[in-house]
Amino acid sequence: MKTIPPLYSLVLLCIVLVAAVMTSLLSGSYAVPVSDIFSVLFSPDDSVNAQIIHDIRLPRTLSAIICGAMLALSGVIMQVLLRNPLADPYILGVSGGSAVGALTALSLGASGIWLTQSALAGAIISIFLVFGLAARGQQWSSQRLLLTGVVVSAGWGAVINVLLTTSTASTVQSMLFWLMGDLSQSRISLWHFAFLFICLAILLSQARALNTLARGELLARTLGVPVRGLNLALFLLASAMTATSVVIAGSVGFVGLIIPHLLRLAGIQDHRWLIPASALLGAAFLTLADCLARTMLAPQQLPVGVLTAVIGVPIFLFMLNYRQGYQHTTEGPANDD
Amino acid sequence: MTTSQPPLFQTQDLCISQQNKTLCQQLNLTVYPGQSIAILGQNGSGKSTLLHTLQGLHQADHGEIHLSGQALSKWTGRGVAQRVGLLLQQVKDEMPSRVDDFAMLGRLPHSRFWKSDSEQDRNIVAKALSVTDLSGMSARDVESLSGGERQRLAIAMLLAQDPDLYLLDEPGNHLDIAHQISLMTLLHQHIKSMAKAMIFATHDMNLAARFADKVLLLNTDGSYLFGLRDDILSESSLSDVYGHPVRQAQTDTDYPVFFPG
C-alpha cells in the first residue's frame, strides 16, 4: 500500500476537520445559508440565524471536536500503555465510574451541573481505585493494570445494571442516552480547549518515548526512557481526557478504539504524526457522526454513540481487510531464513 | 592490552540475585576500550540478568558499577543510554512499525524532543540498516520479518544507538551462520577501531572463543572465573561450567574450537 507522506496527511485531516465543522454548522432542520454562517459566526447579532448557530449548533460542534479529539488521543495512549490493540479509553473503567456517578445523579432527579459533577466524581474515584490497586504490587506492569481496569470496569457495569433496572421508565430513557453518548446537552468552555492543547503538547513532547514504549517497556528502558514515570503520566493523562470527554458527552463508544487504528492502518505509526493526526481525525469523525445523529431521523435525535459505531464498524472492517490483503503479498514463508 | 587508558566500565564486588537465587557473587569486572568479553554459563546462571544489571535495568543487591569513572546510579537514564546499549534477547512486536522507524528508535538517547530527525540521524540509521543487510526492507512492517531479520534489525537499532559499551544478550540468536559470523566480525572490528567495548552472553562456546579477548564463566552457584580467553577456556573449565564433557578440536585456527563430548 502506498502511504501518503505524514505532513500531507495532517494537512488533509485539517481540511477534513474544517469541512466537518462547516457541515455541522450547516445541517439542521432550520436552513442557515452558507453566506450567513461566516458573518454570523464572527459578528453575532440578534437574528435567528445567529441564535441558532451560537446557541445550538456551535456548542454542539465544539463539544464534538473536544470529545472526539480527546477520545482518540486517549485511545492512542491506552493502546501504547497497555500494548494491546484492543485497548480503548474506557478499558480501565473511567467511563464505568463516571456512568455510575451520572446515573446515580439521574436517578435522584438531578440534572445540569449536578449531573456533570457526579459524573466527574465517579470518573475520579474509578481512576484512583484502578491506580491504587494496580500500583500496590512491587511492579506496576501493564498486564496488571489491564486486568485491574477490566475487572473494575465489570464491577461498574454491574452497578449500572442495578441502577437501570431499579429506575423508572422515563429516567431510564435519559440514562440510556447518557450511556450511549449524546452531545445534545453538551456545553464546553475555553478551558476544555486549553486542556486539550496542554495534553497535545505533553504528548508530542513524549512522542519518541511513546514510539519506544510501543515496542516494549524493557526496550524503552534500555534507551533511557523513564518508563515508570512515563507510564504513570500516560495513565493519568489518558484518564483525565477520557473523564473530560465522558463528562461532556457520556460514553461515546468506538472513537478511541478505531481512530488510532485507522491511522495506523493508513501507515501513520510514528507517534510524532499519529498523535496530531488522531486528534484531528477523532474531532472530524465525531463532528460528522453528530451531524448524522441529529439529522438522520429528524426531528428525532439519535445518541451519537450509536452513529459512531454504525459508521465506524464498516470503515474499520474494510480497512482491516484491505490492509491484510496487502500484507499477504509481502509476507510469506519464503522470508524465513 | 590497552591498559594505559582509563577503564570504560568497572564493577566492584557486584552481587546479583533474582527471586532469592544468587546469580553473581563479588563480581569484579574491568572493561577497557577495545575489549571484547564473552559470558558463558548454563541456562539460568544469570547471564541475562548480569547484562541487565550492567545497563541499570536490574538492581544489584550489593556492589558498585562505574561507567566512565562515575557510579552508574549517578548517570541519568539518557546518559547511560548514550553510552551503554543492550541487545535484548527477545523483543515482542505488539504494535506495527516500519523497519526504518524501528532502527531510528536507537537515536532516541541522542535526540531532543523538540528536534526532528536530523540528516545525520537518517544517515546513521541508513548505514546501520545497510551493514545488517536490511536496506531493501526499510519500508516493510516489523511483523513481516523472519526471526533472523528481526535479530538483525535489533542489532541495527543498537548500531544506530552507537554506545561505547555494547551489551549483547545472545547476539547469534536466530541468525544463520553467515550472518552470525559477519555481524560478530562487524561488531568486533567496530569496537576495536572505535575504541569501544562489548560484553556478549552466548551459549556458543566457539563464538566466545573466536570473538572474545576475555571470558567470564558463570557457575550456577554464583561463583565465576574471569580472565584472558586462553587462560579460561579449556576442556576442563568448560566441562565444569556446563556439567557436561567438552572436548577441544585440533584445528589450525588462531582460536580454540570446542565441541560437546
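The values are calculated or read from the model by the stated rules, or taken from the named source; none is laboratory data. Just so we're clear, the structure is a prediction, and the values are computed from it rather than from any experiment. In this analysis, Cβ positions are derived from the backbone assuming ideal geometry, glycine residues included, and neighbour counts consider all displayed protein chains. Only protein heavy atoms, including side chains, enter the accessible area calculation; ligands, DNA and RNA are left aside. Shrake-Rupley method; radii C 1.70, N 1.55, O 1.52, S 1.80 Å.
Numbers for the structure displayed
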quantity: Mean Cα-pair separation over length for the stretch A:1-130, i.e. relative contact order, pairs under 8 Å, 6 or more apart, %; calculated: 15
quantity: Approximate spin-label separation A:F42-B:H244, in nm, with each point projected 7 Å along Cα-to-Cβ; calculated: 7.9
quantity: 28 Å tail of the calculated P(r), chain B, as % of Cα pairs; calculated: 35
quantity: Candidates A:G250, A:G109, A:G267: whichever shows maximal mean-square fluctuation once chain A is modelled as a Gaussian network with Cα springs under 10 Å; calculated: A:G109
quantity: Lys/Arg +1, Asp/Glu -1 at C-beta; the stretch A:6-320 dipole; positive extreme among A:V150, A:G112, A:L274; calculated: A:V150
quantity: The stretch B:1-95, dipole about Cα centre (Lys/Arg Cβ +1, Asp/Glu Cβ -1), debye to the nearest 20; calculated: 100
quantity: Percent of C-alpha pairs per 10 Å bin, chain A, short to long; calculated: 6, 25, 32, 24, 10, 3, 0, 0
quantity: Listed residues B:S68, A:A220, A:P303: farthest to the positive end of the dipole of the protein assembly as shown (Cβ charges); calculated: A:P303
quantity: Estimated dipole of the protein assembly as shown in Debye, rounded to 20 [Cβ of Lys and Arg +1, of Asp and Glu -1, Cα centre]; calculated: 960
quantity: Rounded accessible area of B:S68 (nearest 10 Å², 1.4 Å probe); calculated: 60
quantity: FRET efficiency for B:H62 and B:N206, using Cβ-Cβ distance with R0 set to 41 Å, rounded to 0.05; calculated: 0.75
quantity: Per residue accessible area in Å² of the stretch A:6-320, where ligands, DNA and RNA are left out and the probe is 1.4 Å; calculated: 41
quantity: Selected from A:P85, A:V21, A:P44, residue furthest toward positive end of dipole (the stretch A:4-127; charges at beta carbon); calculated: A:P85
quantity: Spread of Cα-to-Cα distances over 5 Å intervals beginning at zero, given as percent, for the stretch A:236-312; calculated: 3, 15, 22, 24, 18, 11, 4, 2, 0
quantity: Accessible surface buried upon A-B contact (total; probe 1.4 Å; Å², nearest 100); calculated: 2900
quantity: Residues losing 40 Å² or more accessible surface upon assembly, the stretch B:87-127, compared with the chain by itself, 1.4 Å; calculated: B:L88, B:E94, B:M95, B:P96, B:L105, B:L108, B:F113, B:D117
quantity: Residue-averaged [θ]222 nm for chain B, counting only DSSP H segments that reach four residues, each worth -39500 (n - 2.57); calculated: -9500 deg cm²/dmol
quantity: Where trypsin sites (Lys or Arg not before Pro) in DSSP loops with at most 11 other Cβ within 10 Å are excluded, longest remaining stretch of chain A; calculated: A:137-337
quantity: Alpha-carbon Debye profile of the protein assembly as shown, log10 I(q)/I(0) at 0.07 Å⁻¹; calculated: -0.53
quantity: Volume in Å³ per residue [convex hull over Cα atoms, computed for the stretch B:161-261]; calculated: 123
quantity: The stretch B:76-173: chymotrypsin sites (Phe, Trp or Tyr not before Pro) in DSSP loop, at most 14 other beta carbons within 10 Å; calculated: B:F113, B:W114
quantity: Solvent-accessible area, 1.4 Å probe, carbon plus sulfur percent, for the protein assembly as shown; calculated: 60
quantity: Taking chain A and dividing mean pair separation by its residue count, relative contact order in percent (alpha carbons under 8 Å, at least six apart); calculated: 31
quantity: Cβ-derived FRET efficiency at R0 25 Å, A:L10 paired with A:F318, nearest 0.05; calculated: 0.65
quantity: Which listed pairs, of B:K21/B:K47; B:K74/B:K115; B:K47/B:K214; B:K192/B:K214; B:K21/B:K74; B:K127/B:K196, have C-alpha distances above 22 Å, in listed order; calculated: B:K74/B:K115; B:K21/B:K74
quantity: Under the span-like rule (Cα at least 24 Å along the axis, Kyte-Doolittle mean at least 0.5), DSSP H helices of chain A; calculated: A:6-26, A:58-81, A:113-134, A:142-165, A:227-249, A:271-295, A:304-330
quantity: Estimated distance in nm for a label pair at A:N84 and A:F197, the labels positioned 7 Å out from Cα along Cα-to-Cβ; calculated: 3.5
quantity: Probe 1.4 Å - accessible area at A:M180, Å² to nearest ten; calculated: 70
quantity: Accessible area expressed per residue, chain B, with surrounding protein chains retained (probe 1.4 Å, Å²); calculated: 44
quantity: Debye, to nearest 20: dipole size of the stretch A:6-320, +1 on Lys, Arg Cβ, -1 on Asp, Glu Cβ; calculated: 1000
quantity: Average partner coverage of A:207-215, which counts Cβ from other chains inside 10 Å; calculated: 5
quantity: In nm, spacing of pseudo-spin labels at B:I177 and B:C15 (7 Å Cα→C-beta vector); calculated: 4.5
quantity: Potential extension, B:A71-B:F113 segment - 0.36 nm per residue separation minus Cα distance; calculated: 12.5 nm
quantity: Rg/Rg_globular for the stretch A:14-102, with Rg_globular taken as 2.2 N^0.38 Å and Rg from C-alpha atoms; calculated: 1.46
quantity: Trypsin sites (Lys or Arg not before Pro), loop per DSSP, at most 15 other Cβ atoms within 10 Å - longest free stretch of chain B; calculated: B:116-261
quantity: Relative contact order (%) - criterion: Cα under 8 Å, at least six apart; region: chain B; calculated: 25
